[in-house]
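Below is one structure; the comments refer to it alone.
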Amino acid sequence: MGVALKSWRANEGPKHLILLGLCISRASASVLNFNCSLVLLPMCRSLLTFLRGSQRVTGRRVRRLLDKSKTFHVVCGVAICVFSVVHVSAHLVNMVSFSVRYSEDFPALNVAQYRGQDPRILIISTVAGVTGVLLVLVLFLMFTASSSCIRVSSYEIFWYTHNLFIVFYVVLMVHAAGGALKYQSNVEAHPPGCVHNNLTSLTNHRVAGEKGAEFPNAPPTVCQEEARFQPHFPQTWLWVSAPLCLYCAERLYRFIRSSTSPVTIVSVVSHPCDVVELRMLKSGFKPRPGQYILLNCPSVSSFENHPFTLTTCPTEKNETFGIHLRVLGDWTLRFSQLLLQQSNSSEILPVMQQRRYPTVHVDGPFGSPSEEVLNYEVSLCVAGGIGVTPFACVLQALFDDWHQYKLRRLYFVWVCRDLQSFYWFADLLCGLHERLWRDNRPDYLNVQLYLSNTQGLQSISEERYRFLSSRLRIGRPKWKLLFQEIGRANQLKRVGVFCCGPKGISKALHTLCNSNPHSGTAFEYNKESFS
């Protein structure tokens, strides 16, 4: 913007319609080109997953930056919206200036055809104007549908409007080729301020007078030819073509990968609090603990893909993988009805006797911050309700063979409103606890369960869940005291803090990690976030 202002002053803008609005619109357009090229890169999930999984390519700090891909995408989107407002406002001023300050000496430079022409006509009669209106409309739909309230209440609206990015980029490249702004192509033959015989005598006297005031002894310069103007060469495609091709190629690769590899639903289990467990089988599917997938069910919607964290990964003994989904919204409601409509929801059948379940497509797996849980010596995992799913797969991996991982102590905190929610993974927690006791590592796992609903006396009464009953507390965790306890027990160590839950819990943990009250213990915050 500063360069644009200097250019406006150097070129004596008010004299030849090189107005300040034109400079601002050009500068904001450059910012928009830059952000439109960057906003697609964080959505290349397969590329980011490859980088996260390459220990030789990226270290822990770089992988933590990759985990901020969604935040980077949001920042670029907000920048596009802000500078779009600046760009549109500048061009609205330009349309009025073209009409009011119409110059008969340079008709080719004017967008207006005559002085006083309605600026609204200029907008709807030019390619840049029509495409600009369409871009503003598409951007408005994408921005408003990206709000958290719409994404939570109606994910379908967010999904369909966000896929308008294809229309946005096509119209954007047409908009840049509209040629509304022009530059002089024969400055040497027609320098600014020269006198031409074909111009009106009034204009010649005015130009000569202005030049004589600035340079008293300089003779008037005679123009060798008429001034010629031509549109600026469109540069938008130079910015967006490479990221757009990369993203489209990745989307094509993911579509082929998810469509060609069949997925077999092995079992469906209904859990308390409207949670459904889905076990599936897919050849060549090798995810890592903590990763997530995108699930598509054509019987519900052919285009919608919803992210779900893997709660079980394939192993040498069991090749199935699983997810836990909570019925919340139209898509999950219809999908759960298709899964449970003709069966006893608690029954698990072998593969050879399985029922006719709906067809599903699995895209992924994709990387997430939860993969780093096993790469710390000490980790703190905090889950809120169904947010336990990213850590369930980690617990399952530890249950299979905890010796092969770097992790040597795990603090697991789970906060739920309903007591029945703890039964989702009660068997897994108790099984892991018993195994660690058999391996003489009772201090490996520290489990704390919190029931936030304090109405009525509630407890886990089953004998087989005695371990969980002893770890159950009523109320909410005292995070500062918990960090002090972990800090005293792990001096001079780096503790990985992972959270998947409400914003209040996430904000409190992030603040404590940044404050670092224990100088001998470093806490690194990692937040689970689907992109």
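The values are calculated or read from the model by the stated rules, or taken from the named source; none is laboratory data. All values derive from a computational prediction rather than experimental measurement. Note that each Cβ is placed from the backbone with ideal geometry, even for glycine, and that neighbours are counted across all protein chains shown. When the accessible area is computed, the model is the full protein with side chains, heavy atoms only, and any ligands, DNA or RNA have been set aside. Shrake-Rupley method; radii C 1.70, N 1.55, O 1.52, S 1.80 Å.
Check whether at least one residue in region 409-421 is of a type outside the set (Lys, Arg), in contact with a Phe, Trp or Tyr (Cβ under 9 Å, 6 or more places away or on another chain), open to solvent by 50 Å² or more (accessible area, probe 1.4 Å) and closer than 23 Å to Pro314 by Cα, and report yes or no. Spell out how you get there, then give the answer.
Our first condition is that a residue be of a type outside the set (Lys, Arg); within region 409-421, this holds for 410-416, 418-421.
Those still in the list that are in contact with a Phe, Trp or Tyr (Cβ under 9 Å, 6 or more places away or on another chain) too: 410, 412-416, 421.
Narrowing the set further to residues that are open to solvent by 50 Å² or more (accessible area, probe 1.4 Å) leaves none.
Scanning region 409-421, I find no residue that is of a type outside the set (Lys, Arg), in contact with a Phe, Trp or Tyr (Cβ under 9 Å, 6 or more places away or on another chain), open to solvent by 50 Å² or more (accessible area, probe 1.4 Å) and closer than 23 Å to Pro314 by Cα, so the answer is no.
For region 363-391, which positions are touching a helix residue (DSSP H, G or I) at 6+ places or on another chain (Cβ under 7 Å) and more than 19 Å from Cys313 (Cα to Cα)?
Ser379, Leu380, Val382, Ala383, Gly384, Gly385
Out of the helices (runs of 4 or more DSSP H) lying entirely within region 398-503, which hold 3 or more residues that are within 30 Å of Ser148 (Cβ to Cβ) and under 32 Å from the mean Cα position of the chain (by Cα)?
Once the helices (runs of 4 or more DSSP H) in region 398-503 are filtered for at least 3 residues that are within 30 Å of Ser148 (Cβ to Cβ) and under 32 Å from the mean Cα position of the chain (by Cα), what remains is 479-489.
Filter region 424-447 down to the residues that are open to solvent by 10 Å² or more (accessible area, probe 1.4 Å) and either farther than 24 Å from Glu277 by Cβ or modelled with pLDDT under 90 (or both) and list them by number.
Trp437, Arg438, Asp439, Asn440, Arg441, Pro442, Asp443, Asn446
Provide a single number: the residues in region 302-316 that are in contact (Cβ under 8 Å) with a residue 40 or more places away in the chain and open to solvent by 10 Å² or more (accessible area, probe 1.4 Å). Working first, answer last.
Step one: filter region 302-316 for residues in contact (Cβ under 8 Å) with a residue 40 or more places away in the chain, giving 303-313, 315.
If we keep only those that are open to solvent by 10 Å² or more (accessible area, probe 1.4 Å) as well, we get 303, 305-308, 312-313, 315.
Adding up the residues that qualify gives 8.
Within region 1-53, which residues are at pLDDT below 80, part of a helix (DSSP H, G or I) and not aliphatic (A, V, I, L, M)?
So the first thing to find is which residues in region 1-53 are at pLDDT below 80, and the list is 1-22, 52-53.
Adding the requirement that they be part of a helix (DSSP H, G or I) leaves 2-10, 13-15, 20-22, 52-53.
Within region 1-53, Gly2, Lys6, Ser7, Trp8, Arg9, Gly13, Pro14, Lys15, Gly21, Arg52, Gly53 meet the criteria.
For the structure I just gave you, tell me whether Val382 is of a type in the set (A, V, I, L, M, F, W, C), surrounded by 21 or more Cβ atoms within 10 Å (Cβ to Cβ) and closer than 24 Å to Lys493 by Cα.
Values: of a type in the set (A, V, I, L, M, F, W, C): yes; surrounded by 21 or more Cβ atoms within 10 Å (Cβ to Cβ): yes; closer than 24 Å to Lys493 by Cα: yes.
It is true that Val382 is of a type in the set (A, V, I, L, M, F, W, C), surrounded by 21 or more Cβ atoms within 10 Å (Cβ to Cβ) and closer than 24 Å to Lys493 by Cα.
Within the set of pairs 6 or more residues apart or between chains, which connect a residue that is without any contact (Cβ under 8 Å) to a residue 24 or more places away in the chain inside region 21-32 to a residue that is open to solvent by less than 30 Å² (accessible area, probe 1.4 Å) and assigned to a helix (DSSP H, G or I) with Cβ atoms less than 6 Å apart?
Correct list of pairs: Cys23/Ala4.
Filter region 463-478 down to residues that are charged (D, E, K, R) and free of Cβ contacts under 8 Å to residues at least 60 places away in the same chain and give me whichever is nearest to Leu509 (Cα to Cα).
For region 463-478, the residue satisfying everything is Lys478.
Among the residues of region 385-408, write down those that are open to solvent by 20 Å² or more (accessible area, probe 1.4 Å) and of a type outside the set (S, T, N, Q).
Ile386, Phe399, Asp400, Asp401, His403, Tyr405, Lys406, Arg408
Any chance you could count how many residues in region 70-96 are at pLDDT below 90 and crowded, with 20+ Cβ neighbours inside 10 Å?
Number of matching residues: 4.
When the residues of region 229-266 are filtered to those that are open to solvent by 50 Å² or more (accessible area, probe 1.4 Å) and in contact with a helix residue (DSSP H, G or I) (Cβ under 7 Å, 6 or more places away or on another chain), which remaining residue is farthest from Ala189 (Cα to Cα)?
As a first pass, look at region 229-266 and keep what is open to solvent by 50 Å² or more (accessible area, probe 1.4 Å): 230-233, 235, 237-239, 242, 245-246, 248-249, 251-253, 255-257, 259-260, 262.
In the following step, the residues that additionally are in contact with a helix residue (DSSP H, G or I) (Cβ under 7 Å, 6 or more places away or on another chain) were identified as 235, 237, 239, 253.
Numbers: Gln235: 27, Trp237: 32, Trp239: 33, Tyr253: 54 Å.
Restricting to residues being open to solvent by 50 Å² or more (accessible area, probe 1.4 Å) and in contact with a helix residue (DSSP H, G or I) (Cβ under 7 Å, 6 or more places away or on another chain), the top hit is Tyr253.
Yes or no: Ile460 touching a helix residue (DSSP H, G or I) at 6+ places or on another chain (Cβ under 6 Å), aliphatic (A, V, I, L, M) and modelled with pLDDT under 90?
Numbers: touching a helix residue (DSSP H, G or I) at 6+ places or on another chain (Cβ under 6 Å): yes; aliphatic (A, V, I, L, M): yes; modelled with pLDDT under 90: yes.
When the stated conditions are applied, Ile460 passes them.
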